[in-house]
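Following: one structure in structure tokens, then a few remarks.
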Amino acid sequence: MDIKKKRNKFNVDEELESPFDSTHLKRSFKYIKRYGKSLIFALLLSVVSTILSLITPQFSGLVVDKYIPAGNIRGLFVMAACFVVIVALIILINRWRVLITTRVGQTIISEIRHDLFEHLQKLPFDYYDTRPHGKILVRVVNYVNSVADFLSNGIVNIILELFSLMAIIVFMFITSPKLTLLTLATMPVFVIFIVLIKSPQRRARQKLSNKNSNINAYLHESINGMKVTQSFDREEVNYGIYSGLAQDVRNAWMKSVLISGTIWPVIGLLSDTVKLGIYYSAAANIFADISLGTILTFIGYVFRFWMPIQMLGNLYNNLINTTAYLERIFEVLDEPISIDDHEGATALPEVKGRVEFRDVTFAYEKGVNVLEHLNLCAEPGESIALVGPTGAGKSTVVSLLARFYDIQEGSITIDGHSIYDVKISSLRSQMGMMLQDTFLFTGTIMDNIRYGRLDATDEEVYEAARAVHADDFISQLPDGYHTEVKERGSSLSAGQRQLISFARTLLADPRILILDEATSAIDTKTELLVQQGLQALLKGRTSFIIAHRLSTIKNCRILYVADKQIVENGTHDELLALHGRYYDLYTAQLD
Amino acid sequence: MGPVKWVMSTARENYGKMIIGMLLSVLCVGFNIISPIVYARIIDDVIEGGQAEKLLPLCAIAIACAILFVIFTYASQFLLELGSQNTERDLRKQLYAKLQIMDQNYYGANRTGDLMMKLTGDLDWVRHFTIFLIPQTITNLLTFFATLIVFLIFNWKLALMAMIFTPFTVLMTVKVRRNMRPAHNRVRESVSQLNTLVQENISGNRVVKAFVREDYELERFEEKNRAFRDASINTTRTWQRYAPILDGFSNCLTVVLLLFGGIFCINGSMTLGTLSLFLSMAWGLNRPMNMFGTVINDYQRFLASAEKIMTIYYAKPDIENPEHPYVPKEPKGEIEFRHVEYKYPSGKAPVLMDINLKAKPGQTIGIMGPTGCGKSTLVSLIPRFMDTSRGSVLIDGVDVRKYDLHALHSIVGMSMQDVFLFSETIDANISYGNPDLAEERVIECATDADADSFIRRMPDGYETIIGERGVGLSGGQKQRIALARALAYDTPILILDDTTSAVDMDTEAYIQERLRARKKKATTLIVAQRISSVKDADCIYILENGRVSEYGTHEELLKKRGYYYSVYCLQNGITEEGGAN
């Protein structure tokens, strides 16, 4: 059902699931369409300013041909005034256009980014577990920024340049159909050239985006793991790896430049060929019927004919670059939300707390079952302890209950409702999870505890902290609850971070409480105090506790997880009497 | 040193490429002038003058020009890109090397998202500087002054007239500099905040899901997303207050030439030919003036980014290599703490006070104490993750502050509380400190850490790639790989900071056994919460409120009936003072 993709690491290029195609273009268009009116208006503005700018060269001709020979100084001043007015108009129109396209472009990318982030929130653990986080990060921020200009100005300019190209061709045709055909004869060459470089250029850009993604992933990990790197004196090796990745980026870039850099020279060459061809044909009298004046006028047009093509060449390069980013962005958006509400899912009613696993089989990776035909039942209000060897699947059991992963076989129910028939949010919001990984966000300690329940009052936050005896150390900090938690939590010890995350979980006031190694980094005395406080809190809530120090779970019903199943089940005393695996584990702890 | 000087000094090796690239691009402009002359000759001499024999040579010249133009354009683009890319690569390497010598204080104060932005988005602006701003500035200045000189030679009066807008342009650019900078800084700041938020959200995705906070996160994100959008739009808006005026100045240049040139022509002080020359060369003043504004504006954006990057360049670690670093020949692994005190830079009260501790080579020392008592801080002082505020830590009788940092780190192996594994294969993770480690040694160390059996059960065994920070592994599995990694590093001193807290007791007992059986015994410091982890140590130190409150062997401490004894009782289900069960 759920085949885990092979994990990606920093030095492995990501394979592209679906390369850019017309559906991608259509989807990009969906974002643009909303601002269609603005963009069409911007296009109209551009057309007006282009036409106006065609007028200005006429002034020079007027001055040289008429006013100066006539000595018309007044005319000069009138001309100057008109010129200034037209320039002012052009400038104001351009300004207007820039303001529109910037607003549209920035809004479009903020919408794409919004959708991307929203989608990321829905993606399961699995997505985050299988790729370096730096590779995800660079897509949301850097890649999206890179497509901004093309999605606003680029589109307008393409239409504009195509428009002026058409207009020029019409003018050329009116002036001399024969010479026009001569000029257009080079176009197939240009088209063939573009077709030829298209796919190597795209591949080069994709490669570049991969190499960029790789170096960012490595950098991200390097920053996060710097302490380990330093302590293992690995700086030199890592520097070598990073240098290699930087070299890869440079090489990929240069390769793409080698290809894209050919566009301009080729256009230059073609335009020169055409000009030369026209002059030559005139000189060699090939078109006897064409006058010199026509040729000169035509040459002027040829010059203007290649300008939009040059611009289009540039835009084409941008388009290729943009698609290399867009296909990565859409790839994230297309990532299936493998864990989602099933059709017709209803809200889970207030949980009483009867939890049942029936015949549950689960594998993270196909073929390697972590749990097989596991059965488990917890009555409302009961405290269940999961014990067993490391890696036996204790954390997996509780992750399944919160539907962080989907099982392959069997059923999991809460108060008789299958967790697959209820809305995930209604399920998880009634569950308090204290995960092994005590991740704290940047912000104050207060913010971090309040993350458990956003509308909690200050007093409720203090209360939760007091319940886990975190209040003692927090109030001793110089800024108390307003102490900033640094990203790597450097000024807080692991035990303190655990207490904060514990308070966060309790504040959520869950119906089902899951404590996965909640107190592993906390000293025994504090732990005991926490437990005493916890007894009152656990009342009426079903709880699952995973702990290695068995002293912490004596009051629970104990399930011993091993061999992909639950092999022993009973109270502390019952299991001791059994002289089974729990007995062995327990006695190993005593001296 | 300013950002420009910094970039340029890194680019030094590429000056040659960049200069040739710019020269070639100037030459291309030259070809653009030659070919019209050739075409003019075709008209004058061949078509009008009927000298048909000149047609082929002229065409040949035109073809040669065209071909050279193509080659030069391509070469110039290539060389400029090469110079710019090499510079970017070298800057990356330089910054990475700098990040590697920064200490933990720095990483506490600087967020990952922000550091990432400096080496990605900000670096893009440095690239823009080298590939666009520098060549544009130089070629435009060249064009501008070359044109000006021609103008001055032909008609200095009109040339001066043409310069009429220059002072205003300069004035405007001063304004642009003053007003664009804050706008660019805002954009830079907002994109960095966005990056930081997304980075944290990705790292904390498990917590977000566990607390069903997706909507809340989206809300926070949208706030930053919108702030960034608004800052970007605002920057364009501010820029558009100046851009049109600068644009206007450059366009009006033609008007000035036409108007005054026209008057000069009419009153006879200038020929029509000179005027048409001026007009046809007007772009030489026009375009540079037009670009000037864009360059200044982009330059401000570059500065906003470059100054942020330079904070890395200028950052100074508090913990640095001493001037005459000591590199021991045969480290034995004796550790001594002498009256050690440690205070956080921001903290008022010291975390550790008057710590005295001694471990002979090969001994095992246990450290216990309540949460937050400073155990981890204490062991962090040995590899100099922090420096003592008073007193000293000595290895083999030499203060750790005198050691070469790399030498020190290769003496002290560590398995940290906050297990950090790299998204690499398990094999690469274990041999992290010693990449050339033989496979048997990797397996041996994994076996000692009781990791071999579960690693072998994984589909790809030692070649299994583990997720970032080791996701996908259970807490105990991560700890055991981290332990194997520390063992594989094979140092005379080994620090195990709460390394087995997520490991069950059986496994712990097994690991301890294996550690004892190791041939080369390292001086081992074990920080732990469980009695079972430390009870066999040669000496156990109890830290309470930053001081050593008791120390001794397991038996001695039990007799003292202090903290250790009470923890012992709690963990074994014994009532204090009351004897057995």
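Observations on the model:
- Qualifying residue in the range A:535-548 (condition: assigned to a strand (DSSP E or B) and over 43 Å from the mean Cα position of the chain (by Cα)): no
- When the range A:353-376 is filtered for residues that are over 38 Å from the mean Cα position of the chain (by Cα) and part of a strand (DSSP E or B), the ones remaining, listed by number, are A:Asn375, A:Leu376.
- Residues that are closer than 14 Å to A:Gly344 by Cα and touching a residue at least 12 places away in the same chain (Cβ under 8 Å), drawn from the range A:410-424: A:His417, A:Ile419, A:Tyr420, A:Asp421, A:Val422, A:Lys423, A:Ile424
- No other residue among A:Ile545, A:Ile522, A:Ile553 is in contact with a Cys (Cβ under 8 Å, 6 or more places away or on another chain) and closer than 27 Å to A:Leu585 by Cα apart from A:Ile545.
- Applying the criterion of at least 3 residues that are under 23 Å from B:Gln300 (Cβ atoms) and touching a residue at least 40 places away in the same chain (Cβ under 8 Å) to the helices (runs of 4 or more DSSP H) found wholly in the range B:45-134 leaves B:55-101, B:112-119, B:121-128.
- Across the range B:12-27, the number of residues qualifying as hydrophobic (A, V, I, L, M, F, W, C), within 38 Å of the chain's Cα centre (by Cα) and either surrounded by fewer than 18 Cβ atoms within 10 Å (Cβ to Cβ) or modelled with pLDDT under 90 (or both) comes to 4.
- For B:Gly49: the one exception among (1) within 11 Å of another protein chain (Cβ to nearest Cβ); (2) in contact with a helix residue (DSSP H, G or I) (Cβ under 7 Å, 6 or more places away or on another chain): (2)
- When B:Lys519 is tested against the conditions (1) within 11 Å of chain A (Cβ to nearest Cβ); (2) within 23 Å of B:Cys539 (Cα to Cα); (3) not in a helix (DSSP H, G or I), the lone failure is (1).
- All positions within the range B:239-275 that are more than 9 Å from every other protein chain (Cβ to nearest Cβ), of a type in the set (Val, Ile, Thr) and either in a helix (DSSP H, G or I) or in contact with a strand residue (DSSP E or B) (Cβ under 8 Å, 6 or more places away or on another chain) (or both): B:Thr274
- Only a single criterion out of (1) within 25 Å of B:Asn195 (Cβ to Cβ); (2) at pLDDT 90 or above; (3) crowded, with 20+ Cβ neighbours inside 10 Å; (4) more than 25 Å from the chain's Cα centre (by Cα) is not satisfied by A:Val257, namely (1).
- Output for the range A:81-97, where each listed residue is facing chain B (nearest Cβ under 7 Å) and without any contact (Cβ under 8 Å) to a residue 24 or more places away in the chain: A:Val84, A:Ala88, A:Ile91, A:Leu92, A:Arg95
- Criterion (more than 9 Å from chain B (Cβ to nearest Cβ), farther than 19 Å from A:Arg557 by Cα and either crowded, with 23+ Cβ neighbours inside 10 Å or of a type in the set (Lys, Arg) (or both)) met by exactly one of A:Ile445, A:Ile414, A:Ile407: A:Ile445
- Selection within the range B:314-327 - over 30 Å from B:Lys118 (Cβ atoms) and either of a type in the set (Val, Ile, Thr) or within 14 Å of chain A (Cβ to nearest Cβ) (or both): B:Val327
- Among the criteria (1) touching a helix residue (DSSP H, G or I) at 6+ places or on another chain (Cβ under 6 Å); (2) under 19 Å from B:Leu405 (Cβ atoms), the one B:Asp387 does not fulfil is (1).
- Candidate set: the range A:450-462, residues that are part of a helix (DSSP H, G or I) and in contact (Cβ under 8 Å) with a residue 12 or more places away in the chain; chosen: the one nearest to the other protein chains (Cβ to nearest Cβ): A:Arg450
- Of A:Gly75, A:Gly71, all but one fail to be touching a helix residue (DSSP H, G or I) at 6+ places or on another chain (Cβ under 6 Å), on the phi > 0 side of the Ramachandran plot and in the same structural domain as A:Ser164 (by TED's automatic domain parsing); the exception is A:Gly71.
- Selected residue (criterion: farthest from the chain's Cα centre (by Cα)) from residues of the range B:531-557 that are crowded, with 21+ Cβ neighbours inside 10 Å and not hydroxyl-bearing (Ser, Thr, Tyr): B:Leu557
- B:Thr73 over 30 Å from B:Glu320 (Cβ atoms) and buried (at least 17 other Cβ atoms within 10 Å of the Cβ): yes
- Hey, B:Ser410 of a type in the set (Gly, Ala, Ser), within 12 Å of chain A (Cβ to nearest Cβ) and not in a loop (DSSP other than H, G, I, E, B) or not: yes
- Considering residues of the range A:111-128 that are buried (at least 19 other Cβ atoms within 10 Å of the Cβ) and either closer than 27 Å to A:Gly154 by Cα or β-branched (Val, Ile, Thr) (or both) only, the residue farthest from the chain's Cα centre (by Cα): A:Ile112
- When every residue of the range A:78-93 is checked against the conditions, at least one turns out to be in the same structural domain as A:Ile40 (by TED's automatic domain parsing), assigned to a helix (DSSP H, G or I), among the hydrophobic types (A, V, I, L, M, F, W, C) and within 14 Å of B:Ile266 (Cβ to Cβ).
- Any hit, the range A:70-80, residues being within 27 Å of A:Ala217 (Cβ to Cβ), among the β-branched types (Val, Ile, Thr) and within 11 Å of another protein chain (Cβ to nearest Cβ): no
- Against the test of being at pLDDT 90 or above and in contact with a Cys (Cβ under 8 Å, 6 or more places away or on another chain), the options B:Ala449, B:Ala488 yield a single qualifying residue, B:Ala488.
- Qualifying residue in the range A:245-264 (condition: more than 9 Å from chain B (Cβ to nearest Cβ), among the basic types (Lys, Arg) and on the phi < 0 side of the Ramachandran plot): yes
- Qualifying residue in the range B:453-464 (condition: touching a residue at least 60 places away in the same chain (Cβ under 8 Å) and either over 21 Å from B:Gln104 (Cβ atoms) or in the same structural domain as B:Arg516 (by TED's automatic domain parsing) (or both)): no
- Candidate set from the range B:420-459 (those that are more than 9 Å from every other protein chain (Cβ to nearest Cβ) and part of a loop (DSSP other than H, G, I, E, B)); member that is surrounded by the most Cβ atoms within 10 Å (Cβ to Cβ): B:Ala451
- Answer from B:Asp103, B:Asp114 - the residue that is at pLDDT below 95, in contact with a Phe, Trp or Tyr (Cβ under 8 Å, 6 or more places away or on another chain) and in the same structural domain as B:Val26 (by TED's automatic domain parsing): B:Asp103
The values are calculated or read from the model by the stated rules, or taken from the named source; none is laboratory data. No experiment lies behind these values; they were computed from the predicted model shown. Using ideal geometry, Cβ is built from the backbone for each residue, glycine included, and neighbour counts are taken over all protein chains shown.
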